[in-house]
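The values are calculated or read from the model by the stated rules, or taken from the named source; none is laboratory data. Given the structure is predicted, the values throughout are model-derived calculations rather than measurements. Neighbour counts are summed over all protein chains in view; Cβ atoms, including those assigned to glycine, are modelled from backbone coordinates with ideal geometry. Calculation scope for accessible area: heavy atoms of the full protein, side chains included, ligands and nucleic acids excluded. Shrake-Rupley method; radii C 1.70, N 1.55, O 1.52, S 1.80 Å.
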Amino acid sequence: MALKISAAQMVAEARTQIPEVATEEAIAQLGDPDLVIVDIRDVRERQRTGCIPGSVHAPRGMIEFWVDPDSPYHKEVFAQAGKRYLFHCASGWRSALTVATLQEMGFEAAHLKDGFNDWVQAGGPVEPVAPKS
C-alpha cells in the first residue's frame with residue numbers, strides 16, 4: 001500500500017510550522033515557574049528511562065482531549081493562563097506532530113526539538129519514575 005505522505009514527511013512539515021526549543025535552552029529554563037514541560041511518551045518509556053523533573057505526563061493518545069476545555073477529559077494543567085508549554089517525546093518526532101495538531105486547535109505550545117534522548121545526552125537532570133501500583 002502506497003501512502004500519500006510518510007511519517008518522516010509529516011514530521012518535517014510540522015517542524016516548519018511550530019516553535020522548536022533546543023535542548024540547552026530547555027535545560028536553562030528548567031525551574032521557570034511559567035514553563036510547563038509536558039512528556040507525551042508512553043508510561044513504560046518513562047519508567048524505563050526516567051523523566052524531566054517537574055514534567056507533566058500526558059500520553060500522546062489523550063493530549064487533544066486533555067487540552068480541550070470542552071472535552072470531558074480536560075485537565076486543568078492545560079488551562080493555566082500565562083504559562084508556556086513545552087512538549088517532548090524521546091526524539092522530537094511525536095512531539096512535533098503533537099504541537100502541530102495543538103497549534104491547529106489554537107493551543108500555543110513548543111516542542112523540545114531533539115527530545116528526551118538528547119536531554120539525557122546533554123546532561124539534563126532526570127528523575128526516576130516508579131511503576132504505578
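List of remarks:
- Residues within segment 81-92 that are in a loop (DSSP other than H, G, I, E, B), in contact with a strand residue (DSSP E or B) (Cβ under 7 Å, 6 or more places away or on another chain) and open to solvent by 40 Å² or more (accessible area, probe 1.4 Å), tallied: 1
Here's the yes/no breakdown for (1) touching a Gly at 6+ places or on another chain (Cβ under 6 Å); (2) modelled with pLDDT under 95; (3) acidic (Asp, Glu); (4) not in a helix (DSSP H, G or I):
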site: ASP32; (1), (2), (3), (4): no, no, yes, yes
site: VAL36; (1), (2), (3), (4): no, no, no, yes
site: MET62; (1), (2), (3), (4): no, no, no, no
site: HIS74; (1), (2), (3), (4): no, no, no, yes
site: PHE78; (1), (2), (3), (4): no, no, no, no
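- Among the residues of segment 93-131, those that are touching a Gly at 6+ places or on another chain (Cβ under 8 Å), open to solvent by 20 Å² or more (accessible area, probe 1.4 Å) and either at pLDDT below 95 or not in a helix (DSSP H, G or I) (or both) comprise LYS113, ASP114, VAL126, GLU127, PRO128, VAL129.
- Check on MET10, part of a helix (DSSP H, G or I), over 11 Å from the mean Cα position of the chain (by Cα) and surrounded by fewer than 16 Cβ atoms within 10 Å (Cβ to Cβ): yes
- The one condition in (1) at pLDDT 95 or above; (2) open to solvent by 60 Å² or more (accessible area, probe 1.4 Å); (3) farther than 19 Å from VAL99 by Cα; (4) in a loop (DSSP other than H, G, I, E, B) that ALA28 fails to fulfil: (4)
- Extreme residue, farthest from ASP42 (Cα to Cα), among residues of segment 69-91 that are in contact with a helix residue (DSSP H, G or I) (Cβ under 7 Å, 6 or more places away or on another chain) and in contact (Cβ under 8 Å) with a residue 24 or more places away in the chain: PHE78
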